[in-house]
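Colleague: Questions regarding the structure given below will be posed in turn.
The values are calculated or read from the model by the stated rules, or taken from the named source; none is laboratory data. Computed from a predicted structure; not experimentally measured. Methodologically, a virtual Cβ is constructed for each residue, glycine included, from the backbone with ideal geometry; neighbour enumeration extends over all protein chains shown.
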Amino acid sequence: MNKYAKFGILIVLILGVLAWLAVGGISDTKTYYKTISELSQMNDQGKEKRIRVGGDIAPHSIVRNGRDVEFMLAQVEGPKQLHLKVVYSGIDPLPDTFRDGAQALADGKLGPDGVFRATKIQAKCASKYEAKPTAAKPATTSGI
């Protein structure tokens, strides 16, 4: 075998390993945004994958236990309201907008006990990103 064939085989092997690592890394880091009702319909599939769940932080549900933070995500679906208990034990500090009534995304896995174990939290306050309402000016009549 000549040296060009050996070099070509080595290059193909290196490119194959790099492609395998890239595909594996992408599939491990991708997450899907689900609602609480969609998560409850997933059954055991939700316990195997890393998932991103969204909802509103239920009022008065934020409890700090040392390093962990527990809270309830709520979703209004018609006449009923769905809840999901979330335990965040990540290393990053919680966002400034993380408070009662804020919209939040929890990134993690659903445990066998039905508690969502989050490793990352994103939150936003809906009113902060809406346009300020403008007051209507009273109609003036001119006395000509």
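Colleague: Does at least one position in segment 54-74 carry a residue that is modelled with pLDDT under 85, closer than 18 Å to L105 by Cα and assigned to a strand (DSSP E or B)?
Modeller: no
Each row is one residue, and each column tells you yes or no for (1) touching a residue at least 24 places away in the same chain (Cβ under 8 Å); (2) not hydrophobic (A, V, I, L, M, F, W, C).
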site: S40; (1), (2): yes, yes
site: D56; (1), (2): yes, yes
site: V63; (1), (2): no, no
site: P79; (1), (2): no, yes
site: Y88; (1), (2): yes, yes
site: P93; (1), (2): no, yes
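Colleague: Which count do you get for residues in segment 56-104 that are of a type in the set (G, A, S) and at positive phi? Before you say what the answer is, go through the steps one by one.
Modeller: First pass over segment 56-104, keeping only residues of a type in the set (G, A, S): 58, 61, 66, 74, 78, 89-90, 101-102, 104.
Okay, now just the ones that are also at positive phi, so 66, 78, 101.
So the count comes out to 3.
Colleague: Now a separate question. Say whether the condition of being part of a strand (DSSP E or B) and β-branched (V, I, T) is met by at least one residue in segment 88-101.
Modeller: no
Colleague: If you scan segment 85-107, which residues turn out to be among the aromatic types (F, W, Y) and within 13 Å of V53 (Cα to Cα)?
Modeller: If the condition is that a residue be among the aromatic types (F, W, Y) and within 13 Å of V53 (Cα to Cα), then Y88 is the only one that fits.
Colleague: Additional query: Out of the residues in segment 94-144 that are of a type in the set (F, W, Y) and modelled with pLDDT of 60 or more, state the one that is surrounded by the fewest Cβ atoms within 10 Å (Cβ to Cβ).
Modeller: We begin by selecting, within segment 94-144, every residue of a type in the set (F, W, Y); these are 98, 116, 129.
Then keep just the ones that are modelled with pLDDT of 60 or more; that gives 98, 116.
Working: F98: 19, F116: 21.
Taking the candidates together, the pick is F98.
Colleague: Next up: Out of all the residues in segment 34-47, which are under 18 Å from Y88 (Cα atoms) and at pLDDT below 75?
Modeller: G46, K47
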